[in-house]
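Chemist: So that we are looking at the same thing, I have put the structure below in structure tokens.
The values are calculated or read from the model by the stated rules, or taken from the named source; none is laboratory data. No experiment lies behind these values; they were computed from the predicted model shown. Note: ideal-geometry Cβ built from the backbone for every residue, glycine included; neighbour counts use all protein chains shown. Each accessible area value is taken on the protein alone, full model and side chains, heavy atoms only, with ligands, DNA and RNA left out. Shrake-Rupley method; radii C 1.70, N 1.55, O 1.52, S 1.80 Å.
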Amino acid sequence: MCIAAIAWDAHPRWQLIVAANRDEFHDRPAAPLARWEAESGVIAGRDLRSGGTWLGVSEHGRLVLVTNYRVEGFPQPERPSRGALVTGLLNGEDPTSIPITAYNPFNLLCAAPTGARVISNYPTDHRAPMLPGVHGLSNGAIANPWPKTRQLCGGLTEWLEGDSADLSALLCLLRDDRAVAGDGPEPRLSSVFINDAQYGTRCSTVVAIDRHGRGVITERRFDPQGRESGETSISFAWPAVGAGDDLQVT
């Protein structure tokens, strides 16, 4: 389970805003947000079991995040880690041609200064431009977001319309552990923040990139009791449009 609200090209100041929670078993080892090898330009947490990541940015001009897609019969443990998709795309792989059928079902966002693209491999190969606006990704169909995803997107929309300089307010939105009624996952998983000692929200991440390519990524981490256990914030810069990545989203 993971959830993300994304504002792409939806505000005069901000080119991209991401507010996301990573939900995972607490006993799965992970390294906190950090800069990876200097030449890679990657800033991300790291899954210490499979070596990939769930969300990251590259100073070469990319942001990538992935969410699992809940489907009966999956995940199948013999399939490769979906975190490898994120790492590959952060390192410059072409999102229009990467092989995706071998992976367990997923939803994925790949964004660059020139455009953003949504990719999914269930029920079929889906790769489409992300239009300007506020969008949600979670563990169901992109076209039919769960109630908690709509709630988080609504909070992000209100933030954009109000005091859109206070990034800490987005971390507060991600900490909402109230169950959300509706046609979605079972009650214990129906909140934006999942507070559970075995499987719950491991970290909240906010990424903000302005129209000049200046960005900041903040990760707030939580222990099995849902208590804050650490926070990291790293500033970065994307190259100017024309000097960096081109997702060819037209």
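Chemist: Condition first: open to solvent by 60 Å² or more (accessible area, probe 1.4 Å) and in contact with a Pro (Cβ under 9 Å, 6 or more places away or on another chain). Now tell me which residues in the stretch 232-243 satisfy that.
Modeler: Passing the criteria: ALA240, VAL241, GLY242, ALA243.
Chemist: When the residues of the stretch 65-74 are narrowed to those that are touching a Pro at 6+ places or on another chain (Cβ under 8 Å) and closer than 19 Å to THR201 by Cα, which ends up most open to solvent (accessible area, probe 1.4 Å)?
Modeler: Once the filter is applied, the top-ranked residue is ARG70.
Chemist: Give me the pairs, please: first residue somewhere in the stretch 5-29 and in contact (Cβ under 8 Å) with a residue 12 or more places away in the chain, second residue anywhere and open to solvent by less than 20 Å² (accessible area, probe 1.4 Å) and in a loop (DSSP other than H, G, I, E, B), beta-carbon distance under 6 Å, and either six or more positions apart or on two chains.
Modeler: That search, which allows pairs on different chains as well, returns TRP8/MET130; ASP23/MET1; ASP23/ILE194.
Chemist: For the structure I just gave you, tell me whether ARG127 is over 17 Å from ILE209 (Cβ atoms), charged (D, E, K, R) and open to solvent by less than 50 Å² (accessible area, probe 1.4 Å).
Modeler: No.
Residues checked against (1) touching a Phe, Trp or Tyr at 6+ places or on another chain (Cβ under 7 Å); (2) part of a strand (DSSP E or B):
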site: ALA4; (1), (2): no, yes
site: LEU16; (1), (2): yes, yes
site: ALA19; (1), (2): no, yes
site: ARG28; (1), (2): no, no
site: ILE43; (1), (2): yes, yes
site: ARG49; (1), (2): no, no
site: LEU65; (1), (2): yes, yes
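Chemist: Inside the stretch 2-19, can you point out the residues that are touching a Leu at 6+ places or on another chain (Cβ under 9 Å) and either over 15 Å from ARG175 (Cα atoms) or charged (D, E, K, R) (or both)?
Modeler: ILE6, ALA7, TRP8, ASP9, ALA10, HIS11, TRP14, LEU16, ILE17, listed by residue number.
Chemist: Just checking, does the stretch 28-43 include any residue being in contact with a Gly (Cβ under 8 Å, 6 or more places away or on another chain), farther than 19 Å from PHE236 by Cα and surrounded by fewer than 24 Cβ atoms within 10 Å (Cβ to Cβ)?
Modeler: There is at least one residue in the stretch 28-43 that is in contact with a Gly (Cβ under 8 Å, 6 or more places away or on another chain), farther than 19 Å from PHE236 by Cα and surrounded by fewer than 24 Cβ atoms within 10 Å (Cβ to Cβ).
Chemist: I need every pair where a residue in the stretch 41-61 that is under 15 Å from THR218 (Cβ atoms) has its Cβ under 6 Å from the Cβ of a residue that is of a type in the set (S, T, N, Q), sequence separation at least 6 or different chains.
Modeler: These pairs meet every condition: ALA44/THR53; GLY45/THR53; LEU55/THR205.
Chemist: May I ask you to list the residues in the stretch 168-195 that are among the acidic types (Asp, Glu) and open to solvent by 50 Å² or more (accessible area, probe 1.4 Å)?
Modeler: Passing the criteria: ASP177, ASP183, GLU186.
Chemist: Here's another thing I want to ask about it. For the stretch 6-20, name all the residues that are open to solvent by 30 Å² or more (accessible area, probe 1.4 Å) and among the small types (Gly, Ala, Ser).
Modeler: Answer for the stretch 6-20, where residues must be open to solvent by 30 Å² or more (accessible area, probe 1.4 Å) and among the small types (Gly, Ala, Ser): just ALA10.
Chemist: Now a separate question. Please indicate, with yes or no, whether at least one residue in the stretch 77-86 is within 18 Å of the chain's Cα centre (by Cα), under 21 Å from THR114 (Cα atoms) and buried (at least 18 other Cβ atoms within 10 Å of the Cβ).
Modeler: For the stretch 77-86, residues within 18 Å of the chain's Cα centre (by Cα), under 21 Å from THR114 (Cα atoms) and buried (at least 18 other Cβ atoms within 10 Å of the Cβ): present.
Chemist: I've got another one for you. Quick check: anything in the stretch 92-113 open to solvent by 10 Å² or more (accessible area, probe 1.4 Å), of a type in the set (A, V, I, L, M) and under 14 Å from the mean Cα position of the chain (by Cα)?
Modeler: no
Chemist: From ALA84, ALA111, grab the single residue that is touching a Leu at 6+ places or on another chain (Cβ under 7 Å) and either more than 17 Å from TRP54 (Cβ to Cβ) or not in a loop (DSSP other than H, G, I, E, B) (or both).
Modeler: ALA111
Chemist: Name every residue in the stretch 196-220 that is open to solvent by 50 Å² or more (accessible area, probe 1.4 Å) and touching a strand residue (DSSP E or B) at 6+ places or on another chain (Cβ under 7 Å), in order of residue number.
Modeler: Result: GLN198, ARG211, ARG214.
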